[in-house]
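This report concerns only the one structure given below.
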Amino acid sequence: MSEVVGKKSSLVWAVHLSVVLLVAAWVFPTVGLFVSSFRTGDQIASSGWWSALSTQERQNPAIRISGDEVERDGMFVIEGDLFENSSVSVSAWGTSSRETEAYGPGDVADLGDGETLVLSEEGRFVLSGPESFEGERLPRIFSTVSSPPDFTLENYRNVLFSSTAAAGIGKSFINTLTVSIPATIIPILIAAFAAYALAWMDFPGRALLIAAVVGLLVVPLQLALIPLLQLHNDIGIGKGYLGTWLAHTGFGLPLAIYLLRNYMVGLPKDIIENARVDGATDFQIFVKIVLPLSFPALASFAIFQFLWTWNDLLVALVFLGTDDDTLVLTGRLVNLLGSRGGQWEILATSAFVSIAIPLIVFFSMQRYLVRGLLAGSVK
Amino acid sequence: MHPALQGIITIILGVGGCVGYFYFSNQILDKVIFPARGENMGRNINRANMVRPWLFLFPALFALGLYLAYPVVATLWLSLTDRDAGGAFVGFANYSAMMDEPKFWEALRNNFLWLLIVPAMSTAFGLLAAQLTDRIRWGSIAKSMVFMPMAISFVGASVIWKLIYDTRPEGQDQIGVLNAIWVWMGGEPQTWLTIIPWNNFLLMVVLIWIQTGFAMVILSAALRGIPEETVEAAIIDGANPFQIFFKIKVPQIMGTIVVVWTTITLVVLKVFDIVLAMTNGQWETQVLANYMYDKMFRSFDWGVGSAAAMVIMLLVLPILIWNVHNVRKELK
């Protein structure tokens, strides 16, 4: 059919263009966060992230010059760089808030009493006068500069390794990892055995059990919160990692059983029946034949469960708690949104740290994820 | 003990325990209880095979019962009792208390808005994306990009979209895209998330953005499963591409569209993180799941919280029954 459409080239162009627009619209938000995480707080607050990709002209607030005074040819001179560590080019500057663009780069400003000030295009200033500046308030410079794209890794250093400013994202990262890995691995075996029984063993009540699993698949976990928290308190687990792992295991099981059963039912009947005839027990058939053959389904579920436990907020808040020690990444982000809603450099970087691992998993194992989705959506 | 170490030990214990349980319980069944030898050999083998499925199922059934089935009953009970009165039965008092709260009705109204809009938009965009990307060579890359938000947590997505909705005072450069465009078109900067009732739609956009990829993946597989002959016949009969799409393809994948729609509906009913992170239910954006969380864990009113949870359950129930019905039909 595509050949027929191919003849109508205007339609083909329309399709390409629509897909480009669609993809752009879907990627744009994430790119915004990504770019922002490499900008300084001042940059984020003063201009949109999309302008960070090209050379930008902006007005700087007043900077009071400072530096050590040297005596040269009978004049007292203070030299320095107005914008340390960043390469900008000055297009206009001034020394009073009323005339912020009074001079061009390289112009000499007369400050009275024989004092002069020069600001070069690169931002180097030279202040000179016949008398010492000691004890005097040095002049302020207002500048209009254009700066090339300028990115920094400082935010990541700050967020991941500093203990003060970024409020423990590094620690939360470990917490999230601690929650999600056991919570991914433990349900797999439990579910696999059950799925085998539901797929290949014949016993009364099997259809009923499969229907029950499908029913539990959609039970909102909201209902489980209070009763399980009570239960955990009663049996002495309380709030903690163990309770969180158990909760994730319980909530993940219906999908795991459902996915794996659907897959196992599709395995070739001959292999399993031949093995039975040869005298293999169900346990042997499961371990030696079904489990290895089910690897794609196991991988699908593992990816689902990992993404779900990594990205989860509710279960972690309820079963792990909101203490600073045990807060997971998503919980930390919610707190940051409240307390540092304006500090986009910390927020953007933290958010990107939290979504980096799921994105890596997603892009490297997309095939299994798609396969799982196709098998898992209730038909 | 460090939690990470604890985690490793739990993995070993959990996996080892599972393997051990399955291995030894099978061994005991075959060697001790119903040994496959002696005069009762035939009977014993049959009996062992009757018991074995339940050995395989037991851990899963136990966990499902304890972590999903029991809580449904327990929550129902909690919603009918008063925690402050030592758990005394109070009938529907919690429900009527909840219905006296305007916040509950606001949450219910918003949930219905979400239910109407998010599944519809996600499915529509997903279908569009599936149909368009199936026809072009770089379609799989395009699909990955639209699918990507699926991997991002609701909280992460909230941060991403909060940057888009950000507001700076008038006169400054806007750092949020929405305001930047708005100001460029001649408007004044708006604090979008406080504008009732449009803020609700801005929150929905986040979920639509996440769920479209899911809809696209499923629908794209369904589109590819359509028999070529039907499409070819339509072409020969002179149908244009739009007719082929709406009259030939869409009717054939209607079943899948319903599945996608209901799956997204389930996500919408439980939506919590997005509202919590972006507005926390202020400015009339409350939804049921966040209302429930508020009641349970901020005001510690378990009765009303459980009542709200039961309302969510009630809304899920039709889908639950429908799914179970379908699976039973399939198994017969």
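The values are calculated or read from the model by the stated rules, or taken from the named source; none is laboratory data. Note that the structure is a prediction, hence the values are computed from the model and not measured. Note that each Cβ is placed from the backbone with ideal geometry, even for glycine, and that neighbours are counted across all protein chains shown. The area values use the complete protein model at the heavy-atom level, side chains included, leaving out ligands, DNA and RNA. Shrake-Rupley method; radii C 1.70, N 1.55, O 1.52, S 1.80 Å.
Do the conditions hold for B:Val146, that is, is it over 25 Å from A:Arg58 (Cβ atoms), surrounded by 24 or more Cβ atoms within 10 Å (Cβ to Cβ), facing chain A (nearest Cβ under 7 Å) and touching a Gly at 6+ places or on another chain (Cβ under 7 Å)?
Details: over 25 Å from A:Arg58 (Cβ atoms): yes; surrounded by 24 or more Cβ atoms within 10 Å (Cβ to Cβ): yes; facing chain A (nearest Cβ under 7 Å): yes; touching a Gly at 6+ places or on another chain (Cβ under 7 Å): yes.
So B:Val146 passes the test.
From (1) within 13 Å of another protein chain (Cβ to nearest Cβ); (2) over 30 Å from B:Lys270 (Cβ atoms); (3) part of a helix (DSSP H, G or I); (4) not small (Gly, Ala, Ser), pick out the condition that doesn't hold for A:Pro204.
It is condition (3) that A:Pro204 fails.
How many of the residues in segment A:222-253 are aliphatic (A, V, I, L, M) and open to solvent by 10 Å² or more (accessible area, probe 1.4 Å)? Can you show your working first?
Here is the first cut: in segment A:222-253, the residues aliphatic (A, V, I, L, M) are A:223-226, A:228-229, A:231, A:235, A:237, A:242, A:246-247, A:253.
Narrowing the set further to residues that are open to solvent by 10 Å² or more (accessible area, probe 1.4 Å) leaves A:229, A:231, A:235, A:237, A:242, A:246.
Summing the residues that are aliphatic (A, V, I, L, M) and open to solvent by 10 Å² or more (accessible area, probe 1.4 Å) in segment A:222-253 gives 6.
How about segment A:300-327: which of its residues are facing chain B (nearest Cβ under 10 Å) and outside any helix (DSSP H, G or I)?
Matches in segment A:300-327: A:Asp312, A:Leu313, A:Thr322, A:Asp325, A:Thr326.
Here is a list: A:Val219, A:Val214. Which entry is in the same structural domain as A:Ser180 (by TED's automatic domain parsing), β-branched (Val, Ile, Thr) and open to solvent by less than 10 Å² (accessible area, probe 1.4 Å)?
Within the list A:Val219, A:Val214, the selection yields A:Val214.
Identify, please: which residue in segment B:95-115 is more than 21 Å from the chain's Cα centre (by Cα) and open to solvent by less than 20 Å² (accessible area, probe 1.4 Å) and is, among those, farthest from B:Val271 (Cα to Cα)? Spell out the reasoning first.
Initial filter on segment B:95-115 (more than 21 Å from the chain's Cα centre (by Cα)): B:95-106.
Now restrict to residues that are open to solvent by less than 20 Å² (accessible area, probe 1.4 Å): B:98, B:104.
Numbers: B:Met98: 20, B:Phe104: 15 Å.
Step by step, filter segment B:95-115, then rank; the result is B:Met98.
Can you work out which of the residues in segment B:290-305 that are buried (at least 23 other Cβ atoms within 10 Å of the Cβ) and small (Gly, Ala, Ser) is farthest from the other protein chains (Cβ to nearest Cβ)?
If we take residues in segment B:290-305 being buried (at least 23 other Cβ atoms within 10 Å of the Cβ) and small (Gly, Ala, Ser), then B:Gly303 is farthest from the other protein chains (Cβ to nearest Cβ).
Could you check B:Leu128 against (1) open to solvent by 30 Å² or more (accessible area, probe 1.4 Å); (2) modelled with pLDDT under 90 and say which number it fails?
All conditions pass for B:Leu128, except number (2).
Against the condition touching an Asp or Glu at 6+ places or on another chain (Cβ under 7 Å) and open to solvent by 80 Å² or more (accessible area, probe 1.4 Å), how does A:Arg72 come out, does it pass?
No.
Can you confirm whether segment A:225-236 contains a residue that is in a loop (DSSP other than H, G, I, E, B), within 7 Å of chain B (Cβ to nearest Cβ) and touching a residue at least 40 places away in the same chain (Cβ under 8 Å)? Walk me through it before giving the result.
First, the residues of segment A:225-236 that are in a loop (DSSP other than H, G, I, E, B): A:235-236.
With within 7 Å of chain B (Cβ to nearest Cβ) added as a condition, the list becomes none.
Scanning segment A:225-236 turns up no residue that is in a loop (DSSP other than H, G, I, E, B), within 7 Å of chain B (Cβ to nearest Cβ) and touching a residue at least 40 places away in the same chain (Cβ under 8 Å).
Need the failing condition index for B:Gly87 against (1) out of contact with any Leu (no Cβ under 7 Å at 6 or more places or on another chain); (2) at negative phi, just the number.
Looking at each condition in turn, B:Gly87 falls short on (2).
Any chance you could count how many residues in segment B:181-224 are open to solvent by 10 Å² or more (accessible area, probe 1.4 Å), over 29 Å from B:Val250 (Cβ atoms) and in a helix (DSSP H, G or I)?
9
Which one of the conditions (1) under 17 Å from A:Gln59 (Cα atoms); (2) part of a strand (DSSP E or B) does A:Glu122 fail to meet, given that it meets all the rest?
For A:Glu122, the exception is condition (2).
Do you know which residues across segment B:69-86 are surrounded by 14 or more Cβ atoms within 10 Å (Cβ to Cβ), without any contact (Cβ under 8 Å) to a residue 12 or more places away in the chain and either touching a Pro at 6+ places or on another chain (Cβ under 7 Å) or not in a helix (DSSP H, G or I) (or both)?
Within segment B:69-86, B:Tyr70, B:Pro71, B:Ala74 meet the criteria.
Within the bounds of segment A:275-288, is there any residue that is assigned to a helix (DSSP H, G or I), within 9 Å of chain B (Cβ to nearest Cβ) and under 28 Å from B:Asn290 (Cβ atoms)?
no
Restrict the check to segment A:254-272 and report whether at least one residue is facing another protein chain (nearest Cβ under 8 Å) and open to solvent by less than 10 Å² (accessible area, probe 1.4 Å). Step through it out loud before you land on a result.
Kept after step one, since they are facing another protein chain (nearest Cβ under 8 Å), are these residues of segment A:254-272: A:254, A:257.
Adding the requirement that they be open to solvent by less than 10 Å² (accessible area, probe 1.4 Å) leaves A:254, A:257.
Yes: segment A:254-272 contains one or more residues that are facing another protein chain (nearest Cβ under 8 Å) and open to solvent by less than 10 Å² (accessible area, probe 1.4 Å).
State whether one or more residues within segment B:159-168 are without any contact (Cβ under 8 Å) to a residue 60 or more places away in the chain and over 28 Å from the mean Cα position of the chain (by Cα).
Scanning segment B:159-168, I find at least one residue that is without any contact (Cβ under 8 Å) to a residue 60 or more places away in the chain and over 28 Å from the mean Cα position of the chain (by Cα), so the answer is yes.
Take the residues in segment A:347-364 that are surrounded by fewer than 24 Cβ atoms within 10 Å (Cβ to Cβ) and of a type in the set (Gly, Ala, Ser); name whichever of them is nearest to B:Ser153 (Cα to Cα).
Per the criteria, the residue is A:Ala356.
Got a number for residues in segment A:299-329 being open to solvent by less than 20 Å² (accessible area, probe 1.4 Å) and of a type in the set (D, E, K, R)?
Number satisfying all stated conditions: 1.
Restricting to segment A:174-199, and then to whatever is at pLDDT 85 or above and open to solvent by 40 Å² or more (accessible area, probe 1.4 Å), can you tell me which residue is nearest to A:Gly41 (Cα to Cα)?
A:Leu177
Matching residues to (1) over 21 Å from A:Thr281 (Cα atoms); (2) at pLDDT below 80:
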| position | (1), (2) |
| --- | --- |
| B:Ile8 | yes, no |
| B:Tyr21 | no, no |
| B:Phe24 | no, no |
| B:Asp30 | no, yes |
| B:Gly38 | no, yes |
| B:Met41 | no, yes |
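Of the residues B:Ala107, B:Ala130, B:Ala142, B:Ala97, which single one is touching a Ser or Thr at 6+ places or on another chain (Cβ under 6 Å), assigned to a helix (DSSP H, G or I), aliphatic (A, V, I, L, M) and touching a residue at least 60 places away in the same chain (Cβ under 8 Å)?
Numbers: B:Ala107 fails: touching a Ser or Thr at 6+ places or on another chain (Cβ under 6 Å); B:Ala142 fails: touching a residue at least 60 places away in the same chain (Cβ under 8 Å); B:Ala97 fails: touching a Ser or Thr at 6+ places or on another chain (Cβ under 6 Å).
Within the list B:Ala107, B:Ala130, B:Ala142, B:Ala97, the selection yields B:Ala130.
Any idea which of A:Gly129, A:Gly114, A:Gly135, A:Gly106 is open to solvent by less than 30 Å² (accessible area, probe 1.4 Å), out of contact with any His (no Cβ under 9 Å at 6 or more places or on another chain) and of a type outside the set (Phe, Trp, Tyr)?
On the way: A:Gly114 fails: open to solvent by less than 30 Å² (accessible area, probe 1.4 Å); A:Gly135 fails: open to solvent by less than 30 Å² (accessible area, probe 1.4 Å); A:Gly106 fails: open to solvent by less than 30 Å² (accessible area, probe 1.4 Å).
On inspection, the qualifying residue turns out to be A:Gly129.
Answer with yes or no whether A:Val77 is within 25 Å of A:Arg39 (Cβ to Cβ) and open to solvent by less than 60 Å² (accessible area, probe 1.4 Å). Even if it seems obvious, please write down each step before you answer.
Details: within 25 Å of A:Arg39 (Cβ to Cβ): no; open to solvent by less than 60 Å² (accessible area, probe 1.4 Å): yes.
Answer is no for this residue.
Please go through (1) touching a helix residue (DSSP H, G or I) at 6+ places or on another chain (Cβ under 8 Å); (2) not in a helix (DSSP H, G or I) for B:Cys18 and return the number of the only condition it doesn't satisfy.
If we test B:Cys18 against (1) touching a helix residue (DSSP H, G or I) at 6+ places or on another chain (Cβ under 8 Å); (2) not in a helix (DSSP H, G or I), just (2) comes out false.
Go over the candidates A:Gly252, A:Gly240, A:Gly205 one by one and state the one that is without any contact (Cβ under 8 Å) to a residue 60 or more places away in the chain and in the same structural domain as A:Val179 (by TED's automatic domain parsing). Full working, then the answer.
Details: A:Gly252 fails: without any contact (Cβ under 8 Å) to a residue 60 or more places away in the chain; A:Gly240 fails: without any contact (Cβ under 8 Å) to a residue 60 or more places away in the chain.
Just one listed residue meets the conditions, A:Gly205.
Considering every residue within segment B:152-163, establish whether at least one is outside any helix (DSSP H, G or I) and surrounded by 16 or more Cβ atoms within 10 Å (Cβ to Cβ).
yes
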